[in-house]
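Beneath this line is the structure, given in structure tokens, with notes to follow.
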Amino acid sequence: MSNENEMDSRRVMMFNPYKFWKNVYFAGEDSLSSITRKAVETSSFANGVDFILNAYLQYLRMQKEITTQITDNMPFASRHDMARVAKLVISLENKVDRIEDTLFDDLEELKEQSAALTGHMNERKEAAAGLDDDELQERFDKALGTTKELLTKLSGIEEAVNEVKAALATMNAQAKPAARKGRKSPSQQSE
Amino acid sequence: MDEMFQNSSPKEMGEILQKAQEHWLHTTLRWQEVLNYDPKPATGCSPKESIWSKNKSQLYHYRTTTERKYRTPILLIYALINKPYVLDLTPGSSLVEYLVNEGFDVYLLDWGEFEWEDRDLGYADLVYDYIAPSAKRVARFAQSSDISIIGYCMGGTMSTLYAALFDKPKLRNLVYLAAPIEFNKAGTYDVWLKARGYDPDRIADAMELIPKDFIDWGTRMLNPMANYWGTYTRLWKTIEEDKPIHFWKVLNKWASDNINFPGAAYRDWIRDFYQGNKLIKNQVVLRGRRVQLQRIQANILALVGLRDHIVMPHQTAAALTYLRGHDKTYLEFPVGHGGLVLGEIARDKVFPEVAAWLGERSDLWEEEE
């Protein structure tokens, strides 16, 4: 019993294989990592990869030619056909985008011009009011009315464009699922 | 050495070894559980709304709960490799979140996932049809006549193309995060992409839409041991040392989340930029217009990682030489390519530097209200 207690209390330097393995492994991994990094930086590695890559590209071309020949004669849409439809939708989207952009710029310009014109006419109106000339007053009111009509029309155009845009977006949404067959869902894409 | 050899009694040592064995077993089980069963963590968590979309791309505006301090909006432009949520990876490690909290009005152009119908998209299309309209909409939405752009990696190169070609809205500040402008001495890519047998035309012709696996392979092979094996042993070590694994999970999610690369853009990228180094020579022509770097008068902030093996520091530093603006700043950090937007140094040093630099060069919101 006393011997056992003696053994328990005797302290010696002992080897921990777990910690040894962990330290040695991670130090080794770092060295291996720098060795492989140097190896891939050589031109012989690059040439070797290019050789394999070019062989693969040749195979890919051959495979593409064969599948194109097959799908051209099949009674269903190929990947190219679907991509073509998708491209049409995208180009339509592009057009709408440009129209919207141009219209916005034009509207901005018109608004600025109208504001300047209204300001100018208000000044004239105030000046004319001093003259107490009913006819002159009437003319100014008419001109102001025309400007207001112009602004109302512009708002109408803006609304019409928004409607066209909404309709195109609906078309777009209907056309895209067909073209995007086998693709991830929009929620996955947006992530 | 102290850890490997322990001064203990045989009984204590027996207990230590038994505990170590149990701990390792538990670590390994948890490790395989994380790799196989753990759900993917949430990323890109900052609240946002889409204010414009085209094809698969979205222009996001980040909502803020804090007071807006600056009128000049920031547009983030990301690369065509992997996904842009690395800029808003996870709360507490997000460039977007940091800038929003600092009072900036932040926008991000997300390219979406390119598919077969996008295989013919080249840099001209991406700049003219996506970046330029985005910049215009950002300025319009923010009611500002000028904007700032932060371009990360290839996104910085594309921002340069835009900046050289478009005058409106005025580009006030251009921030490069590890963005290549000069393509000479581009490290490992220099060896690979300029090898005699490497022909981007042949690749683009054969593949048309460059598969995401091909792009991923090219990036991972820059440091194969670390990327294919070290990533997983690092996870094991993190679990073994009882450290949090959330950051590993979000980073691994992003690193594995690749997108296809349009063939036409790939052709442009390798042939004109890496092989031809045409950008600094003013030889890039997009839709008939020459990209002249001297036309860019924006203030420049170039941030580089000293351990970056994807974009060498001198590749970004070239912006200071070739761009015309008078206000140019260059900052180096002891990190790799991702370290400028990920990790402690990014959070504690890079983000504050970017915010402070932009803050000094942006209009205040209150001033014009």
Per residue of A:36-48, what is the mean number of Cβ atoms on other protein chains within 10 angstrom of that residue's Cβ?
5
Taking the Cα centre of each part, how many Å lie between the range A:15-51 and the range B:1-51?
23
Under 27 Å from B:Lys69, Cα to Cα: lysines that are on another chain or at least 8 residues apart
B:Lys48, B:Lys136, B:Lys168, B:Lys170, B:Lys328, B:Lys349
Can you tell me which lysines have their Cα less than 17 Å from the Cα of A:Lys148? Leave out same-chain residues fewer than eight positions away.
A:Lys111, A:Lys125
So for the pair A:Asn73, B:Ala356, with labels modelled 7 Å out along Cα→Cβ, what separation do we get in nm?
7.2
Below 9 angstrom from the Cβ of B:Ala142, what's the summed charge of the other residues (Lys, Arg +1; Asp, Glu -1)?
+1
At the level of C-alpha centres, the distance separating the range B:120-163 and the range B:325-369, in angstrom, is 19
Averaging over all projection directions, find the projected area of the Cα convex hull of the range B:1-159 and quote it in nm² with one decimal place.
15.1
In what order do B:His26, B:His337 fall by count of nearby beta-carbon atoms within 10 Å, going from fewest to most?
B:His26, B:His337
B:Leu331 versus A:Phe104: modelled label distance in nm, points set 7 Å from Cα along the beta carbon direction
3.2
Write down the Kirkwood hydrodynamic radius of the range B:48-368, to one decimal in angstroms, obtained as one divided by the mean of 1/r over all alpha carbon pairs.
20.0
Proximal charge balance of B:Val335 [Cβ under 13 Å; K/R count +1, D/E count -1]:
-2
Arrange the following residues from fewest to most other Cβ atoms within 10 Å of their Cβ: B:Trp248, B:Trp217.
B:Trp217, B:Trp248
If you wrap a convex hull around the Cα atoms of the protein assembly as shown, how much volume per residue is inside, in Å³?
214
Return the average number of partner chain Cβ atoms within 10 angstrom of each residue Cβ along peptide B:18-30.
1
Cα→Cβ-extended label distance, 7 Å offset, between A:Ser43 and A:Gln58, nm:
2.3
On the first, second and third principal axes, largest extent first, how far apart are the outermost C-alpha atoms of the range A:79-182 in Å?
76, 17, 14
So, counting K/R as plus one and D/E as minus one, what does the shell of residues with Cβ under 12 Å around B:Gln18 add up to?
-1
Using the number of other C-beta atoms within 10 angstrom as an exposure proxy, rank B:Cys153, B:Cys45 with the fewest first.
B:Cys45, B:Cys153
Each residue of the range A:166-171 in order: what ³J(HN,Hα) in whole Hz does its phi give by Karplus 6.51 cos²θ - 1.76 cosθ + 1.60, θ = phi - 60°, with x for Gly and Pro?
5, 5, 5, 5, 5, 4
Could you compute the FRET efficiency for A:Lys148 and B:Arg290, with r as their C-beta to C-beta distance and R0 at 45 Å, rounded to 0.05?
0.45
Along the range A:101-112, what does the Karplus equation 6.51 cos²θ - 1.76 cosθ + 1.60 (θ = phi - 60°) give for ³J(HN,Hα), rounded to whole Hz, x for Gly and Pro?
5, 4, 4, 4, 4, 4, 4, 4, 5, 5, 4, 4
Cα convex hull of the range B:261-333 - mean projected area over all directions, nm²:
5.7
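Each value in this text was obtained by applying a stated rule to the coordinates, not by laboratory testing. Nothing here was measured: the structure is a model prediction, and the numbers come from that model. Cβ coordinates were reconstructed from backbone atoms using ideal geometry, including for glycine residues, and neighbour counts include every protein chain displayed.
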